[in-house]
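K.L.:
One structure follows; several queries about it will come next.
The values are calculated or read from the model by the stated rules, or taken from the named source; none is laboratory data. Keep in mind it's a predicted model, so treat the numbers as computed, not measured. Here Cβ is always computed from backbone atoms with ideal geometry, including for glycine, and neighbour counts include all displayed protein chains. Please note that ligands, DNA and RNA were not included when accessible areas were found on the heavy atoms of the full protein model with its side chains. Shrake-Rupley method; radii C 1.70, N 1.55, O 1.52, S 1.80 Å.
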Amino acid sequence: MARRNIIAGIDVGTTKVCTIIAEINENKSADIIGIGTSPSTGLKKGMVVDIDDTVSSIQKAVTKAERMAGVEIESAFVGIAGSHISSTNSHGVVAVTGENKEITRHDIERVIEATKIISIPPEREIIHVLPREFIVDGCKDIKYPLGMSGVRLEAETHIITGSATSIQNLIKSIHKVGLDVAGIVLQPLAASKAVLTESDKDSGVLVDMGGGTTDIAIFKGGSVWYTSSLPVGGDHVTKDIAEWMRRNVIMTTSIADAERIKVQYGCASSEFVDEGDEIELVDSCSNQTRIFSRELLCEIIQFRVDEIFSLVHQEIIKAGYNGLTPSVMVVTGGGSLLKGIPEFASRKLRMPVRVGVPDNINSILEYLDGSIYDIGEGYTQFSEDNGAIFSTGVGLVHYGSENYEEYSEQDMNEELLIKNLFDTVGKWFKNIF
Ligand SMILES: Nc1ncnc2c1ncn2[C@@H]1O[C@H](COP(=O)(O)OP(=O)(O)OP(=O)(O)O)[C@@H](O)[C@H]1O
Ligand SMILES: [Mg+2]
């Protein structure tokens, strides 16, 4: 039996699986005591495509984190993303039934329940129902109507659904490692818990740039307003580099080589590098030295980065946002570590952009050796400079600590989980702030 005050998050990403173990302290917040990562090979664009490979990556990441923390975990909050995720806004209305027409928690649960009466195809499951605002007798923008007087209670919610098959495959992978799923959490929602401030949530966009996906969550007035997942991420930049090297530099370039070139010399825009900068590399096949322009390399990268932020921009427009622009953008995830990303995004989208790094992990990263993705020497190392890679994992334990007392430790089979776990109505107020 796991110790009651231990909580774990597993970020099953396209590039790496990351397990974070935390201990809930007396202030009910999470102190991180273990981190374990392992390269991920069983996912494409955020979705499990090979259960055995996924299980083996999760197992390795869990074992490393357990060894570091000195505890064994029994369950974990698990992040989910991918193009199978979709979201919609919904509206519900109920009559207030309480004595003296005072709104009770039961009324709030009923009105949120009412927003769920939308047609969801049988192959999809609800992951989150996030209240955006309440309306009491026509009075809008109410965050927390408990105890207010009124006769008519309305709610606007943001409903996030995913493909039942993708969700089941993820749960199955966790079960095969011998763990229970304490909760399934949308990855950008988790990351937001680790890197957004309260004022960011008032009017801000979170962009989690991973390997295979770029996930977006737009916040307004403290609540999630819009979410979206784009099937493009940092790995596409790497593939573009490998292809360009093969064709233009006439050099055999594996994906691992292209990754190293990206991390070492890459930049989001060719305008941010010095004209005439040259890169000298030895082709491992022909043993010949190749010299090429860093500016040209970064031009290739810029095409893809520009595409990603054009898509992000379109999502912001789609979100509506009452015709306004969010005040701030926070980019996080491994893809945000590419040099020049915040500057490029800020210039393109005309808003302040910063890289979101979870605090309170620096001291623990100092103790970790080696490379995050195990690709080899010189690649992304464990250090506080790379903290953005851990945003989703750290956010999962924050999410877990907020919902800690509410999740049951009883064993749940997959069917029960699908039926009960995703419906967060019971925890609604904790998930929005
Ligand atoms: N220092 C760095 N500079 C540039 N890019 C980097 C750096 N470190 C990691 N990356 C890139 O970050 C991406 C992986 O990010 P991350 O670990 O957040 O992805 P993931 O969570 O596994 O994937 P996803 O969220 O898409 O499922 C890869 O494309 C990798 O090349
Ligand atoms: Mg990720």
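K.L.:
Could you tell me what percent of the accessible area of the chain is made up of carbon and sulfur, with a 1.4 Å probe and every protein chain present? Kindly include the intermediate steps, with their values, before the conclusion.
P.N.:
Numbers: 8800 of 18340 Å².
The value for the chain is 48 percent carbon and sulfur by accessible area.
K.L.:
Let me ask you something else. Between R105 and L146, what length in nm is gained on full extension when 0.36 nm per residue of separation is reduced by their alpha carbon distance?
P.N.:
Working: separation 41, 0.36 × 41 = 14.76 nm, distance 0.63 nm.
14.1 nm is the gain from fully extending R105 to L146.
K.L.:
Next question. In debye, nearest 20: dipole of region 196-356 around its Cα centre with unit charges on the Cβ of K, R (+) and D, E (-)? Before the final figure, lay out each step's value.
P.N.:
On the way: 16 positive and 23 negative charges, 80 e Å.
My answer is approximately 380 debye.
K.L.:
How much accessible area per residue does region 163-248 have, counting only protein heavy atoms and a probe of 1.4 Å, in square angstrom? Working shown, then result.
P.N.:
Working: 2330 Å² over 86 residues.
Counting only protein heavy atoms, the per-residue value for region 163-248 is 27 Å².
K.L.:
Let me ask you something else. DSSP loop trypsin sites (Lys or Arg not before Pro) in region 26-95 with at most 14 other Cβ atoms within 10 Å of their Cβ, which ones?
P.N.:
Working: sites: K28, K44, K45, K60, K64, R67; in loops: K28, K45.
Taking region 26-95 and a limit of 14 other Cβ atoms within 10 Å, the loop trypsin sites (Lys or Arg not before Pro) found are K28.
K.L.:
Continuing with the same structure: Helix 105-115 sits at what angle to the longest principal axis of the chain, using alpha carbons and giving 0 to 90 degrees rounded to 10?
P.N.:
Result, in degrees: 60.
K.L.:
Something else now. For labels at N5 and S327 in the simple 7 Å Cα→Cβ model, what's the distance in nm?
P.N.:
Taking the simple label geometry, N5 and S327 are separated by 3.6 nm.
K.L.:
Okay, next question. For region 86-160, what is the accessible area per residue in Å², given a 1.4 Å probe and the full set of protein chains? Display every interim value, and only then the final one.
P.N.:
Numbers: 3700 Å² over 75 residues.
Accessible area per residue, region 86-160: 49 Å².
K.L.:
Between E123 and T289, what is the label-to-label distance in nm when each label sits 7 Å out along the Cα-to-Cβ direction?
P.N.:
Each label point is offset 7 Å from its Cα along the Cβ direction, giving 5.7 nm.
K.L.:
Then there's this: Please give the residues of region 192-207, grouped as numeric ranges, whose backbone N is less than 14 Å from a label point set 7 Å along the Cα-to-Cβ vector of S29.
P.N.:
Counting only backbone N, you get 193-198.
K.L.:
Any lysines with Cα under 19 Å of the K193 Cα? List them, leaving off those in the same chain fewer than 8 positions away.
P.N.:
The reachable lysines, counting only those whose Cα sits under 19 Å from K193, are K28, K143, K201, K220, K427, K430.
K.L.:
Roughly how many nanometres apart are two label points built 7 Å out from the Cα toward the Cβ at D137 and F272?
P.N.:
Going by the 7 Å Cα→Cβ label model, 5.4 nm.
K.L.:
Given 0.36 nm per residue, what is the gain on full extension from R350 to D50 after removing their alpha carbon distance, in nm? Don't skip to the end; give the middle numbers.
P.N.:
Working: separation 300, 0.36 × 300 = 108.00 nm, distance 4.05 nm.
Stretched fully, the R350-D50 segment lengthens by 104.0 nm.
K.L.:
If you don't mind, another one. Taking the chain as the reference, fit the longest principal axis to its C-alpha atoms, fit the long axis of helix 164-176 to the helix C-alpha atoms, and give the angle between the two in degrees, 0 to 90, nearest 10.
P.N.:
The angle comes out near 80 degrees.
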